[in-house]
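The values are calculated or read from the model by the stated rules, or taken from the named source; none is laboratory data. Since the model is a prediction, treat every value here as computed from it, not as a measurement. With ideal geometry, Cβ positions are generated from the backbone for all residues, glycine too; neighbour counts draw on all protein chains shown. Surface accessibility is based on the protein's heavy atoms, side chains included, excluding ligands, DNA and RNA. Shrake-Rupley method; radii C 1.70, N 1.55, O 1.52, S 1.80 Å.
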Amino acid sequence: MKNTLFVTLFLCLAQVAVAQTSIVGRIFDAEDRSPMPFAQVAIFSTQDTSLIAGATTSDNGSFTIERVRKGKYIFRAMFIGYGTHERIIEVTDESRPLALGRISLNKGVELAGFEITETFIPVQVRGDTIEYSAEAFRPVAGSALEELLKRLPGVEIDSEGKITVGGKEISGILVEGERFFDDDPRVAARNIPADFVDRVQTFTRQSDQARFTGIDDGNEETVINLSFRPGMRKGWFGRLTAGAGYDLTSNNNDFRYSNDFNINYFRDKDQLTILGGFNNVNNQGFTDLMGSSDGGSGGGRGGNRGGGGGRGGGGPTVIMGGGSSGGFSFGAGGGITQSISPGVNFVKKFSEQLSVGGSYAYSRSDRESGQKTDQHNIMSDGDDQFYSEDRRSERLSNQHRFNSEIRYIPNEDNELIIRPSMTYGTSENQSVSDYLTRYENVFDTINYGNTLNTSENLSFSARLRADYRRRLAKPRRTISFEFDGGLRIGNSLDTNYSESYYPDRSPDMVDQEVRGKSNNYNWSTQVAYTEPLINDFTLELRYRISGDENNSQRDAFNKNDLGEFTVKDSLYSNIMANSNFTQRFEARIQKNAEKYQYSLGFGVFPAYSTSRVEGREAIERPVVNLAPQASFRYQFSRQHQLNVSYSGRTNQPSVSQLQPVLDNSDPRNIRIGNQDLKPSFNHNLSVRYNNFFQNFSSINTFLRLSMTQNQITSVSYYSYDAFDQSYPKITDVTSEMFRPGTRLIIPENVGTVSNTFGMFSYSTPLFTQKVTLSSTTSGFLNNSKSKIDSNVNVLNNLMLSENLRITYRLQDFDVSLNARFQVNDARYTLQPDQNNTYYITSGGVDFTWQIIRNKLAVSSDFNFSRMDNLSEGHNPRWNLWNAQLSYNIGKANQGQIRLRVMDILNQNKNTQRNVSETFIEDVTYHNTLQRYFLVAFTYNLNTALRSSAPQQQNARNPERRWEGGGRPPGEGGGGGPRIRVIEM
């Protein structure tokens, strides 16, 4: 109750912002009298020169500093390369704005004894780029980049490491404008030290094709670019960290360790990064970031529900995900993972025309997890089934990944990009489970049993993509060629063992070995041509041909009299071959104007596919797919935009969905394909609006509407007697196989479904730039359908979420309060008595305090979370408290000693709820990483970092004196604009 009141009070108080008057004016170039966009203006206290508020000028040079109270202030206008305009102003009337009129800045003005090298502004906007000064948001020393990004206004990171900026997911992180580990944002966020970073830029970039042709093809991505601190842009720098500790739980004193290294070399435009680590505290590194290395059919259900390893002892996470219609996860990760993950990334600039870059990464992980699953299966007759399972699993995986990019640009009219990549991986999995299926009465058992599944998998894949583009004589007339080809080879060896018992029937036993082989070859080539038309219209034509071939062999063996797997089971063995050939004809016309842009396009994709299963009739499917598209963009200013887009696409069923081949990897869930499936058609409409205001406030809204016709979904049949006998090619399914408590799963078309997602994000300073409020409100409505024993069940699932954060930053202290409330409402048409509403309430506080500046610091975070209205035993209520004490040693702080205690209260848990049309499932992990401590030592290897440290210190040192006495203008206060100076 107290926590709920805390959240309610916090949400109310946080919305209160006292609006006072404003200060307005315009900035001009003194020489040519032109307006100056992106100039910085700010007001400072006359008492201690701390920052009060600031703004950035618009395209016409105007500015507005909002929420200013009565009093005297130091007003300053700044722009890099120009002299600073400074004067004392006084606000005497709060009923109307204070107009400063026309202000002119002169170029190249120097201050006596000093040169202005850069303005230290927390957030700046340059066109569609938002730039953050890392110094204004710096986390505790020794933190990873991920911790810095979490502090930036408008940036969110979920428990899986997905990064969003204003609701848009980040697809890559660049370092000094260059690709870093194939643009994988999680690798950069979890391995680059925050101490290295000087500035963080977020922007939306078009595809290589669009940037070359100047024709927006709709393939945009949001990326982050990192600029390192000036002393690190030349020579060697890096750091080594070694940490060790123990669990502090009452029944477990396991040894804990966390070690990592990061070594960098920068010279001119060349880059080299070597990084990695090994730990057993769930710090992922490269682990699990490179996709599955499984090469075959997989070992039944072994480990399929194992959740991703969260960061050890991290804060609470609440995300949508899981089941086919959604759900949420809660906690700081289930299971414990030991991982090793070294890697290297390089960029070599041979000349202005030729550059080569690439990366190699190796990951090895050994993950153990245990979980309790309670699943409520919704039945058509109302006599629902309840399934409980206790599972222990272990997964050992190894993977090597190599990516490269060769970019050759001989002149501005020609561009050649070649990108080869390879991946090789192996994995071993083992899972053991005990299960029970019953009706609502706990004594009314349907079946019970146990399983043991193992699998060994090997996979190899390679890909080559080459793009050549050329500008022709006429502006905006271009021609482009693309080739993309790849292969994937996989082998697997699985064992499936299970014992199933029934009250009124003889028991079942499955004891099989399954050997699998698969290979895939695919290729595509495309030519694109753009032609300028009258009145700023442009026509784009594309033609692509592509093909792929998939071959797989699955051989199931039973034991002979000697206990050897030599007796082939033809029912569960098959050889499949599938091939596809597709042509794509696309035409699009685009209009470009000063303030707006729109495009209309249409695509026709004739395709032909053939699918063969040994001993069965081949399936041949000639189809024609259609793909309309339209987009509209209106640019009120560089910081103020509206984007609307629509796309439609036909989606063909997959091979596994079409083939009527039985799969008994899980004896409780027998699967078979459906060759009568029809293609589905998906409509997508998205609207995005964003605005960045002069006072560093920002608004981002996003709305996505999606509707799918002829949706393909998995249909469950729980009773053989009720099964539709007219379904073709299912004579292999017998009553002996279809025992009580098992189900037959078949893909079918179920009609039209839809989902809607909306998000509103707002960030603004409160009272002064020291206090920041950020709020994100989101909603998700999913309408989905399935069938249970031929009866259609419709699920309407509504999720509403509010996230609120207030941050207060001073020079040596910052504190952040956060609160979140989420409600998930599920409504069923087939079983309305199962309708339910689930709640999550969470909040917390984290702070960092430099007790002795640049020497001794303490940081801590406390979070609480409550889940209500779930199934019995799955309503966790816990508090998670972490703390760290760090001390820098050495004259230039090149060393650091840290004591970190995670989950001090020993209450960390991990619970996940999955919701679908056919079931409601709760999963709780047994072996979540709980209370432990680590003592770590970090050493900065380079002289570059040591030489830059005093510069950072002086920039924040209030004892530094300006010529003539006193502190430099703007010095003091936390997180606000300052002038960084160097002696001449």
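What to note about this one:
- If you wrap the Cα atoms of region 444-576 in a convex hull and average its projected area over all directions, you get 15.2 nm².
- Potential lengthening between D511 and T204 on full extension [0.36 nm per residue; Cα-Cα distance subtracted]: 105.1 nm
- Whole-Hz Karplus values for region 683-690 come out as 10, 10, 10, 10, 10, 10, 10, 9 Hz, taken residue by residue from phi with 6.51 cos²θ - 1.76 cosθ + 1.60 and θ = phi - 60°; glycine and proline positions read x.
- Each label point was placed 7 Å from the Cα along the Cα-to-Cβ direction; for A587 and E221 their separation is 3.1 nm.
- For region 430-513, the share of alpha carbon pairs falling in successive 10 Å distance bins from zero is 13, 22, 16, 13, 12, 10, 9, 4, 0 percent.
- Cα-Cα pairs of region 559-710 separated by more than 24 Å (percent): 59
- Taking 0.36 nm per residue of sequence separation and removing the Cα-Cα distance, the D270/N522 pair yields an extension gain of 87.3 nm.
- Pair D254, F847: separation of 7 Å Cα→Cβ label points (nm): 3.4
- Exposure of L571 as accessible area (Å², to 10), given a probe of 1.4 Å and all protein chains: 60
- Rough spin-label spacing in nm, given labels placed 7 Å along Cα→Cβ, for I534 and F483: 4.1
- Reachable lysines from K787, criterion Cα separation under 22 angstrom, eight or more residues apart if same chain: K678, K729
- K372 sits with roughly 70 Å² accessible to a 1.4 Å probe, with DNA, RNA and ligands left out of the calculation.
- FRET efficiency for S104 and F402, using Cβ-Cβ distance with R0 set to 45 Å, rounded to 0.05: 0.20
- Cross-link table K168/K349; K234/K348; K150/K348, entries beyond 23 Å C-alpha to C-alpha: K168/K349; K150/K348
- Cβ-Cβ FRET estimate between R827 and D504, R0 fixed at 45 Å, reported to 0.05: 0.80
- At q = 0.11, 0.20, 0.22 Å⁻¹, base-10 log of I(q)/I(0) for region 782-861 (Debye sum, equal scatterers on each alpha carbon): -0.53, -0.89, -0.97
- Using the empirical formula 2.2 N^0.38 Å as the baseline, the Cα radius of gyration of region 358-504 reaches a ratio of 1.80.
- Förster radius 30 Å - calculated FRET efficiency between N927 and L899, Cβ distance, rounded to 0.05: 0.75
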